[in-house]
Amino acid sequence: MILLRKHLKGVDTLLVLLGTILFGIGLAYFVDYYYDINDDLLMKDILAGVYTGSPSGYNIQMLYPLSKLISLFYAIDPNVSWYGLFLCGGHLLCIFLIGKRLVTVTDIYWKKILLLLVEYFILLGALLYELTFIQYTISCGLFAATGAFWFYTSDDSLSIGQFLKENSISILLVIIAFYMRTEMLLLVFPLICVLGFCKWSLSFSKESNLKYVVVIGSILLGMGIGLLSNHIAYGEKSWRNFNELFDSRTEIYDFLDIPNTEYDENKEIYQQVGLSPSEYVLIQNYNYILDKSINHKMLQQIENLYKESGVSYFKLDSMKGLQTVKYRLTHKMDAPWVYLVWVCYFAIAIVMIMNKRWSFLWKISLLFGARSISWMYIIMRARVLPRITVPLYLVEFSILVAILLMECKDIAKDNKPLYRRFFPVMVSSMLCILALGSLTKVIPKVQEEQVRRNVINKEWQSMQAYCRKNPENLYLLDCYSTVKYSEKMFVDVNNDLANYQYAGGWACKSPIEVQKLKVFGITEVETDLYEKENLFFISYGSRSVDWLKVYYRTKGITVEIISVDTIPFESNDTYEIYQVKKIKQIRQIIPLYQKERNDVN
């Protein structure tokens, strides 16, 4: 009997593995995988050695143990897209693990195949765009969702050792998600905690309590090890200072929206910290690599003074937040996710009535409360982006499906009336119909986006080719002239040292940026830009660079901005390559801030 059970498990594993491989091959055949935004692209460049010339674990956005591990693979073979393999391979692993649980509902193989097809269909309908244009925050959500799903669908009758072994996958997935994108995992953590408590409540006993305490303890221990390792790795003073700058930069750009305001709106604050109008322009256009005075202390002071002036941590009050949560739940702006979760909530309510399991009432209420808290947070902070909302929905949907799956297993085992045994088919059909409606819209969207990126990325590729022809030079890139570009994960991979550098962004002022600049003999960008012959500035031709003249004038220096070359595009715009030349020294710095501001305008 034991051998038969193992044989059947082996057959199930092969079936799901084959289905996952076919799913992955089919997806790869029809689409090209992209890094969705340049955040992922810069992270890859740091890991792969494109940034500094050698693979580095200091990619800033991930916890050090995970980023260091990925960088070690690049050290073995830098020509392989290891970061892309990690993300795409992780997605397929999650799809495999979910399918592995789904096929346990029935012993009939055509039904197993049907369940796998339902899974793939829903994934394509709800996640095709995210599986094509890959963003690590969403990958974190998928890892967390799979870990939660795997945990709830595990057998709680196992012994402590077997239970821990069974859920080692859940523990590992949640820990990796935490290392990958700590903030996102913490945002969905209330839902995972509620799920764990719901699972625990099924069998309170001394042995059961110990099992769940061990699992929870293992997850917390793994998180603690990651935080401690990260703290040690970034323990040097230069990294500590940068991390303070990074936190203030995040608050200033993502939440306070300071760069979107005029200088005069917060003139007293800026003058108090010694920030002139011309220096403020560097913050506005994100090119603050030029000014060494814009450091962690200045950004912290700006953040603190701005908050002390009466700016609230939350942009919306609780009542407005509740109204927004309600609106998003009752309108199609979050389709298809909002429809998928509502179907699951209603299906669980029907199960509760059919089986008279009234405990579902408090469980679902607790889950809905936890999801509402997370949603209230991002709404009240005005940080409602698809890369945040999709993982939230993904975790919530996975938890609801896990609950339904366990109930459907009980329905299948019992000799229930036909309408009860037909219930899982009805729910699956409704979810598939929603997925089909979404798929008819998302396929053209993905196709159009692939065509669009293929066209605009030619501009980025032209810039890269131009820079490689002049390997002795370093080219500073105007940040807002680069934000629309991305790269394919597995096509035209080139992990050689890049001789271009963003003039700002989230890695600006970091020790790894200092390391990058030293490779090209740059120590102080502000002076080296007009003194060094190998340092140039690249910007769209349509973007004025007169702010550079004004900036240097306030430093007592007159410069000339010379366009030395042009990279033409198929569009009407170009990339202009500028060289900054010092003309003469001005003895007195212009003190008239209003005059500066007029010159900038």
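When L367 is tested against the conditions (1) modelled with pLDDT under 90; (2) outside any loop (DSSP other than H, G, I, E, B), the lone failure is (1).
Considering only residues that are over 15 Å from D40 (Cα atoms) and within 17 Å of the chain's Cα centre (by Cα), which ones fall in segment 57-75?
Restricting attention to segment 57-75, the residues satisfying the condition of being over 15 Å from D40 (Cα atoms) are 64-65, 68-69, 72-75.
Within segment 57-75, Y64 is the sole residue that qualifies.
Need at least 3 residues that are open to solvent by less than 60 Å² (accessible area, probe 1.4 Å) and modelled with pLDDT of 90 or more per element, so show me which helices (runs of 4 or more DSSP H) inside segment 228-311 make the cut, counting only ones lying wholly within it.
On the way: elements: 237-250, 267-272, 277-284, 296-308.
Passing ranges, in order: 237-250, 277-284, 296-308.
Given the criteria of a type outside the set (A, V, I, L, M) and surrounded by fewer than 13 Cβ atoms within 10 Å (Cβ to Cβ), does K363 qualify? Taking the combined requirement at face value, the residue does not satisfy it.
A quick yes/no check of all residues on (1) of a type outside the set (F, W, Y); (2) touching a strand residue (DSSP E or B) at 6+ places or on another chain (Cβ under 9 Å); (3) over 25 Å from L477 (Cα atoms):
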position	(1), (2), (3)
Y253	no, no, no
N260	yes, no, no
E265	yes, no, yes
Y270	no, no, yes
L275	yes, no, no
M298	yes, no, no
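Looking only at residues of segment 437-463 that are closer than 27 Å to I283 by Cβ and over 24 Å from the mean Cα position of the chain (by Cα), we find that the one that is least open to solvent (accessible area, probe 1.4 Å) is M463.
Mind checking whether some residue in segment 40-52 is of a type outside the set (D, E) and open to solvent by 30 Å² or more (accessible area, probe 1.4 Å)?
no
Residues that are over 23 Å from G369 (Cβ atoms), in contact (Cβ under 8 Å) with a residue 12 or more places away in the chain and surrounded by fewer than 18 Cβ atoms within 10 Å (Cβ to Cβ) within segment 173-207 comprise S203, E207, listed in sequence order. Counting only helices (runs of 4 or more DSSP H) that sit completely within segment 469-558, those holding 2 or more residues that are over 32 Å from the mean Cα position of the chain (by Cα) and not aromatic (F, W, Y) correspond to 525-531, 546-554. Does any residue of segment 376-391 turn out to be closer than 19 Å to F149 by Cα, modelled with pLDDT of 90 or more and open to solvent by 30 Å² or more (accessible area, probe 1.4 Å)? Checked against the condition, which is being closer than 19 Å to F149 by Cα, modelled with pLDDT of 90 or more and open to solvent by 30 Å² or more (accessible area, probe 1.4 Å), segment 376-391 yields no hits at all.
Let's see how each residue does on (1) touching a residue at least 12 places away in the same chain (Cβ under 8 Å); (2) under 20 Å from M430 (Cβ atoms); (3) under 19 Å from the mean Cα position of the chain (by Cα):
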position	(1), (2), (3)
F96	yes, no, no
K100	yes, no, no
T104	yes, no, no
Y109	yes, no, no
K112	yes, no, no
V118	yes, yes, no
F121	yes, yes, no
G125	yes, yes, no
L131	yes, no, yes
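Evaluating K581 against the criteria (1) over 21 Å from E472 (Cα atoms); (2) at pLDDT below 95; (3) open to solvent by less than 70 Å² (accessible area, probe 1.4 Å) leaves one unmet condition, (1).
Among the conditions (1) in a helix (DSSP H, G or I); (2) among the charged types (D, E, K, R); (3) surrounded by fewer than 22 Cβ atoms within 10 Å (Cβ to Cβ), the only one that E130 does not satisfy is (3).
The values are calculated or read from the model by the stated rules, or taken from the named source; none is laboratory data. The shown structure was predicted, so the numbers you read here are calculated from the model rather than taken from an experiment. Glycine gets a Cβ as well: all are built from the backbone with ideal geometry, and neighbour counts include every protein chain shown. Surface accessibility is based on the protein's heavy atoms, side chains included, excluding ligands, DNA and RNA. Shrake-Rupley method; radii C 1.70, N 1.55, O 1.52, S 1.80 Å.
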